[in-house]
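Read through the structure below, which is laid out as structure tokens, and then see the notes.
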Amino acid sequence: MNDQIDAATRRWVEELTEARAALEGSLRALSQNAQQVARLCDAAVEDVADSMSALRGGLEEMRELVAGQLPLTEAAGAALAARLGEGGAPRFERKFVHDLRNPLGVALGYSEILDETLSELIEEGAGGVWAAEARGLLGALAEQLQHLNRGLDELFSPRRFEVGRVSTLIPLGDTLRGESLGALTPRPTPSAASPAASPAASPAASALSAPPHGAPSPGALSLGALPLKASTSLPAGAGEPIARAWTPPPGARPARLDALTALARDLDAGLERQEQEERFEEKDAAKVKLARGARVLVVDDSASNRDLLCSMLKREGIRGDEASSAREALFRLDCASYDLILLDLFMPEVTGDALLQQLKADTRYRRIPVLMISGDAEVETAIRCIELGAEDFLQKPFNRVLLKARISACIEKKRLADEMEGQNKRYQSLLTRILPAPVVKRLDAGESMIADRFQSVSILFSDLVGFTSMSTHMSPTELILTLDEVFSAFDAIAERFGVEKIKTIGDAYMAAAGLPVAREDHADAAVLMGVEMIKALSEIRARRALPLRMRVGIHSGPVAAGIIGQQRFLYDVWGDTVNTASRLEASGAPDTVHLSLATRVLLLNSYELRPTGGVELKGKGVVESFVITPQLELMRLKPLI
């Protein structure tokens, strides 16, 4: 068993060292190619120079990552395997590919931004010959970067944990030719312009740089099976063909790869389908206009990734704010409102999926769409993020057109959700002005029939004395303004004492205390409201110089309450208690609160009440009643017996 484990570990180390050599050769060629483009952009405008610098920075970051993480020798590889322990190889590869795709995405992203800038300069007539030449070389460089990105999928296959498989790395073999992957980078015939090969060149590099059948001449640019003509009008120092991967020494040991050959052949067929799909996506996305003025939070521990995404957003008129960690992201969310969050999956301390779960569990941030961006190609990872609430999952390096379309869709979805929430709030506000808030909640919960019985409530009726005859001498505007002022004052008093306004009928006002939520002090609330209504009317009378006076009647007892109507809802109350309160109001004196014995008995506080000696009520006969006036309101006296 130990011999088998040692052999497997040794094979994995060999694969990693081969992968390092292959990647280093490709990155060396890419850096030389980027240098040629940079020479053309030296005298360019600031935007071009900045984008070119960021592109080269991405390549340099990739080179440092490969040199720092992949072993150079078998001894270093064995030490790495020992440190990772059993089962650690797949996790290491997955993390490495994710980390490598960060700067790769930066390089690709800035190559697209640079291409757009150069295109704009050419259209404006400000670029000259150098801009056209630089754009041509830049297109070749971008294609090489895409080859490298596709090659990573084969070097580090996303199919993990297969039976009998120790690592996820597929080794390269000498059977791989230009008709498949394009060897990650262009393959020229050997020339003096090619960098000298290291004596310790990896066997994998042999497969990467072996010229295919019919390889182009040194004067052409080769991207796998795609030949491009070299420029004939470049400035001094830029006339050499784009650099190729370095050539290994003769007799280098060929790498072992049988599994990749079939996969590589399938890739060519898939590439054409992918290009067709991308063209369709570009055509469809061209119809999408990004919402200018939106605000997006970019959460990524990589500064270069944040800069790239914010640069892309800025070009679309969208403000991008940066956060390098989950803690900083939460701080920014507390300080500002965002339409979208672009969230990296792998971050130190708190990972992207953990932050996503926290955001969706918090009601303050739950409605903000989150778009996950990661170099991880695992389908399970994307599924997990979608299940946690992410809007979508894009793999680095991302297709910029597709990213713009996703951002546009997420922002539009957020704005529609905001509009719906605003409309819902307005609907709720309007509904609570028509119906009691507890009743609205019951309707929202799904109740279709609202009909309740309350054993003890207090009903208040008020009426403006002589207002009907007074209104005949008022203009419609003056009439409406007067009633609006009076009833608005009554509404404020009802809200202050927790009394429910039921309705107005002409110049009459009806309210109920103790429903739709029962309360023990409903009689006191109704009496205090009646007294305050008379006070408020006296102030309006003095202000408007109108002879406004009113009567108030209150009775307590059982009622039925509920909603009637289909087109126009009305919450109303019925029962003998309602009729008695109305008749007490009609038989009362102006500027007094006329209440029944039933209400008097329920008062928790004692007031100066004046007995009436009994009043005649229709259908009731003579009933005992009491009167309270505003001047005596809240004067505590001895309890009435």
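The values are calculated or read from the model by the stated rules, or taken from the named source; none is laboratory data. Quick caveat, the model's predicted, so the values are computed rather than measured. Here the Cβ is made from the backbone with ideal geometry for all residues, glycine too, and neighbour counts use every protein chain on show. These accessible areas exclude ligands, DNA and RNA; they are computed on the full protein's heavy atoms, side chains included. Shrake-Rupley method; radii C 1.70, N 1.55, O 1.52, S 1.80 Å.
What the table shows:
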{"quantity": "The stretch 67-76, residues that are modelled with pLDDT of 80 or more and either over 15 Å from ARG20 (Cα atoms) or in contact with a helix residue (DSSP H, G or I) (Cβ under 6 Å, 6 or more places away or on another chain) (or both)", "calculated": "GLN69, LEU70, PRO71"}
{"quantity": "Those residues of the stretch 328-368 which are open to solvent by less than 10 Å² (accessible area, probe 1.4 Å) and either under 23 Å from GLU93 (Cβ atoms) or of a type in the set (A, V, I, L, M, F, W, C) (or both), in sequence order", "calculated": "ALA329, LEU340, ILE341, LEU342, LEU343, ASP344, LEU345, GLY352, LEU355, LEU356, LEU359"}
{"quantity": "Residues that are of a type in the set (A, V, I, L, M) and under 24 Å from ILE563 (Cβ atoms), drawn from the stretch 488-524", "calculated": "ALA494, VAL499, ILE502, ILE505, ALA508, MET510, ALA511, ALA512, ALA513, LEU515, VAL517, ALA518"}
{"quantity": "Count of the stretch 538-554 residues which are among the hydrophobic types (A, V, I, L, M, F, W, C) and free of Cβ contacts under 8 Å to residues at least 24 places away in the same chain", "calculated": "2"}
{"quantity": "So LEU371, is it crowded, with 20+ Cβ neighbours inside 10 Å, under 15 Å from the mean Cα position of the chain (by Cα) and among the aliphatic types (A, V, I, L, M)", "calculated": "yes"}
{"quantity": "Filter result (open to solvent by 60 Å² or more (accessible area, probe 1.4 Å) and closer than 16 Å to LEU297 by Cα) within the stretch 392-408", "calculated": "LYS404, ARG406"}
{"quantity": "Scope the stretch 541-573; condition open to solvent by less than 70 Å² (accessible area, probe 1.4 Å) and assigned to a loop (DSSP other than H, G, I, E, B); matching residues", "calculated": "LEU546, LEU548, GLY565"}
{"quantity": "Residue among LEU118, LEU172, LEU176, LEU184 that alone is of a type outside the set (S, T, N, Q), at pLDDT 80 or above and either buried (at least 24 other Cβ atoms within 10 Å of the Cβ) or part of a loop (DSSP other than H, G, I, E, B) (or both)", "calculated": "LEU118"}
{"quantity": "Test for GLN455: is it in a helix (DSSP H, G or I) and either at pLDDT 85 or above or surrounded by fewer than 17 Cβ atoms within 10 Å (Cβ to Cβ) (or both)", "calculated": "no"}
{"quantity": "Whichever residue in the stretch 38-49 is under 24 Å from ALA303 (Cα atoms) and either in a helix (DSSP H, G or I) or modelled with pLDDT of 85 or more (or both) and, among such residues, is most open to solvent (accessible area, probe 1.4 Å)", "calculated": "GLU46"}
{"quantity": "Residue within the stretch 442-454 that is under 25 Å from VAL531 (Cα atoms), touching a residue at least 24 places away in the same chain (Cβ under 8 Å) and in contact with a Gly (Cβ under 8 Å, 6 or more places away or on another chain) present", "calculated": "yes"}
{"quantity": "ALA536 more than 53 Å from the chain's Cα centre (by Cα) and either farther than 28 Å from GLU616 by Cβ or open to solvent by 10 Å² or more (accessible area, probe 1.4 Å) (or both)", "calculated": "no"}
{"quantity": "Long-range neighbours under 8 Å by Cβ, at least six apart or interchain, first residue more than 15 Å from GLY293 (Cβ to Cβ) within the stretch 404-419, second assigned to a helix (DSSP H, G or I)", "calculated": "LYS404/ALA285; LYS404/MET312; ALA405/GLU281; ALA405/ASP284; ALA405/ALA285"}
{"quantity": "Residues being assigned to a helix (DSSP H, G or I) and surrounded by 12 or more Cβ atoms within 10 Å (Cβ to Cβ) - total across the stretch 594-619", "calculated": "5"}
{"quantity": "Sole exception among (1) more than 18 Å from LEU403 (Cα to Cα); (2) modelled with pLDDT of 90 or more for ASP321, by number", "calculated": "(1)"}
{"quantity": "From LEU342, LEU355, LEU308, residue being touching a residue at least 40 places away in the same chain (Cβ under 8 Å), closer than 28 Å to SER111 by Cβ, out of contact with any Phe, Trp or Tyr (no Cβ under 8 Å at 6 or more places or on another chain) and not β-branched (Val, Ile, Thr)", "calculated": "LEU342"}
{"quantity": "Test: residue in the stretch 574-593 that is in contact (Cβ under 8 Å) with a residue 60 or more places away in the chain, farther than 16 Å from PHE626 by Cα and open to solvent by 20 Å² or more (accessible area, probe 1.4 Å)", "calculated": "no"}
{"quantity": "Inter-residue pairs, beta-carbon under 8 Å, first within 18 Å of LEU100 (Cα to Cα) and crowded, with 20+ Cβ neighbours inside 10 Å and in the stretch 50-76, second modelled with pLDDT of 85 or more and acidic (Asp, Glu), 6+ apart", "calculated": "ALA54/ASP307"}
{"quantity": "Top-ranked residue in the stretch 458-483 [being among the polar types (S, T, N, Q), surrounded by 14 or more Cβ atoms within 10 Å (Cβ to Cβ) and not in a helix (DSSP H, G or I); ranked as nearest to the chain's Cα centre (by Cα)]", "calculated": "SER458"}
{"quantity": "Flag for SER325 being touching a residue at least 24 places away in the same chain (Cβ under 8 Å), open to solvent by 70 Å² or more (accessible area, probe 1.4 Å) and either over 30 Å from ARG150 (Cβ atoms) or of a type in the set (Asp, Glu) (or both)", "calculated": "no"}
{"quantity": "Any hit, the stretch 510-523, residues being outside any loop (DSSP other than H, G, I, E, B), open to solvent by 50 Å² or more (accessible area, probe 1.4 Å) and out of contact with any Phe, Trp or Tyr (no Cβ under 8 Å at 6 or more places or on another chain)", "calculated": "no"}
{"quantity": "Every residue from the stretch 435-452 that is more than 27 Å from LEU584 (Cβ to Cβ) and open to solvent by 40 Å² or more (accessible area, probe 1.4 Å)", "calculated": "ALA437, PRO438, LYS441, ARG442, LEU443, ASP444, ALA445, GLY446, GLU447, SER448, MET449"}
